[in-house]
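The values are calculated or read from the model by the stated rules, or taken from the named source; none is laboratory data. These numbers come from a predicted model, not from an experiment. Backbone-built Cβ (ideal geometry, glycine too); neighbour counts: all protein chains shown. The accessibility values were calculated without ligands, DNA or RNA, using every heavy atom of the protein model including side chains. Shrake-Rupley method; radii C 1.70, N 1.55, O 1.52, S 1.80 Å.
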Amino acid sequence: PATPSSMEPAPVRPSARFMLTHPAHFIAMGFGSGLSPMAPGTAGTLWAWLAFLALQPWMNDARWALLIAASLPVGWWASTVTAKNMRVLDPSSVVWDEIAAFWLVLWLVTPAGLWAQFAAFCLFRFFDAVKPGPVGWADALFHGVDARNDPSAWRKAGFGIMLDDVVAAACALFAIAAWRFFQ
């Protein structure tokens, strides 16, 4: 006999076809960078870095602040919709969280040469992947939501997807500030 859990639809696998079915999927999956078969979070962060470098000639502090401020609620929405449609609370193919958070890091360390940006990249990836201390706490906050019984579970999951990367960005920035202070 079928049990209730066996009757639930299977999670949706990330694909280009799925990504193109909704604008939220396209954004959440980092315009395709989240479809990387290896280390999609790193691929999304690399995409963020390249986009930052490409946009930099046209940006100033006010424009970066506006773009990053807009990218956070847009990312929450896109992550929520995509996670819900994939039926996975924190899909690895959702990388908008890395993009928005790493833009914040790069904006706040600029002006910085490529080596300093690379160090920021490595620190951010360390905090995002290893999830020490506050990053692990932020990551675990919304992983226990029950999507079957809590109507707000997907919004919580989308918020959680974004939150741990913003905390990872804050930790990377703190490490950079401490290094500069003690230099």
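Quick check on my filter: what residues within the range 66-112 are under 9 Å from the mean Cα position of the chain (by Cα) and either hydroxyl-bearing (Ser, Thr, Tyr) or over 15 Å from residue 33 (Cβ atoms) (or both)? Give the steps one after another, and end with the answer.
So in the range 66-112, the residues under 9 Å from the mean Cα position of the chain (by Cα) come out as 75, 79, 94-102.
Of everything in the range 66-112, just one residue is under 9 Å from the mean Cα position of the chain (by Cα) and either hydroxyl-bearing (Ser, Thr, Tyr) or over 15 Å from residue 33 (Cβ atoms) (or both), namely 79.
Does the range 134-179 hold any residues that are under 16 Å from residue 77 (Cβ atoms) and either open to solvent by 60 Å² or more (accessible area, probe 1.4 Å) or not in a helix (DSSP H, G or I) (or both), and which are they? Step through it out loud before you land on a result.
Narrowing the range 134-179 to residues under 16 Å from residue 77 (Cβ atoms): 142, 152-163, 165-166.
Of everything in the range 134-179, those that are under 16 Å from residue 77 (Cβ atoms) and either open to solvent by 60 Å² or more (accessible area, probe 1.4 Å) or not in a helix (DSSP H, G or I) (or both) turn out to be 142, 152, 155, 156, 159.
Filter the range 64-83 down to the residues that are open to solvent by 10 Å² or more (accessible area, probe 1.4 Å) and of a type in the set (Phe, Trp, Tyr) and list them by number.
76, 77 - these are the residues of the range 64-83 that are open to solvent by 10 Å² or more (accessible area, probe 1.4 Å) and of a type in the set (Phe, Trp, Tyr).
Yes or no: residue 43 of a type in the set (A, V, I, L, M, F, W, C), at pLDDT 95 or above and more than 21 Å from residue 157 (Cα to Cα)? Working first, answer last.
On the way: of a type in the set (A, V, I, L, M, F, W, C): yes; at pLDDT 95 or above: yes; more than 21 Å from residue 157 (Cα to Cα): yes.
Taking the combined requirement at face value, the residue satisfies it.
Among the residues of the range 149-183, write down those that are of a type in the set (D, E, K, R) and either in contact with a helix residue (DSSP H, G or I) (Cβ under 6 Å, 6 or more places away or on another chain) or within 14 Å of residue 95 (Cα to Cα) (or both). It would help to see each step written out before you state the result.
Of the range 149-183, the ones of a type in the set (D, E, K, R) are 150, 155-156, 164-165, 180.
Scanning the range 149-183 gives 155, 164, 165.
Just checking, which of 10, 24, 2, 16 is closer than 29 Å to residue 149 by Cβ, open to solvent by less than 60 Å² (accessible area, probe 1.4 Å) and either out of contact with any strand residue (DSSP E or B) (no Cβ under 7 Å at 6 or more places or on another chain) or modelled with pLDDT under 95 (or both)?
Exactly one of 10, 24, 2, 16 is closer than 29 Å to residue 149 by Cβ, open to solvent by less than 60 Å² (accessible area, probe 1.4 Å) and either out of contact with any strand residue (DSSP E or B) (no Cβ under 7 Å at 6 or more places or on another chain) or modelled with pLDDT under 95 (or both), namely 24.
Looking at the range 101-119, which of its residues are small (Gly, Ala, Ser), surrounded by fewer than 24 Cβ atoms within 10 Å (Cβ to Cβ) and assigned to a helix (DSSP H, G or I)? Quick ask: steps written out before the conclusion?
Taking the range 101-119 as the starting set, the residues that turn out to be small (Gly, Ala, Ser) are 101, 112-113, 116, 119.
Subsequent filtering for residues that are surrounded by fewer than 24 Cβ atoms within 10 Å (Cβ to Cβ) retains 112-113, 116, 119.
Selection gives 116, 119.
In the list 58, 49, which residue meets the criterion of being open to solvent by 40 Å² or more (accessible area, probe 1.4 Å) and more than 11 Å from residue 28 (Cβ to Cβ)?
Working: 49 fails: open to solvent by 40 Å² or more (accessible area, probe 1.4 Å).
Result: 58 is the single residue among 58, 49 that is open to solvent by 40 Å² or more (accessible area, probe 1.4 Å) and more than 11 Å from residue 28 (Cβ to Cβ).
Out of the range 105-125, which residues are touching an Asp or Glu at 6+ places or on another chain (Cβ under 9 Å) and in contact (Cβ under 8 Å) with a residue 60 or more places away in the chain?
124, 125
Could you tell me whether residue 92 is of a type in the set (Gly, Ala, Ser), open to solvent by 70 Å² or more (accessible area, probe 1.4 Å) and farther than 22 Å from residue 152 by Cβ? Spell out how you get there, then give the answer.
Details: of a type in the set (Gly, Ala, Ser): yes; open to solvent by 70 Å² or more (accessible area, probe 1.4 Å): yes; farther than 22 Å from residue 152 by Cβ: yes.
Yes.
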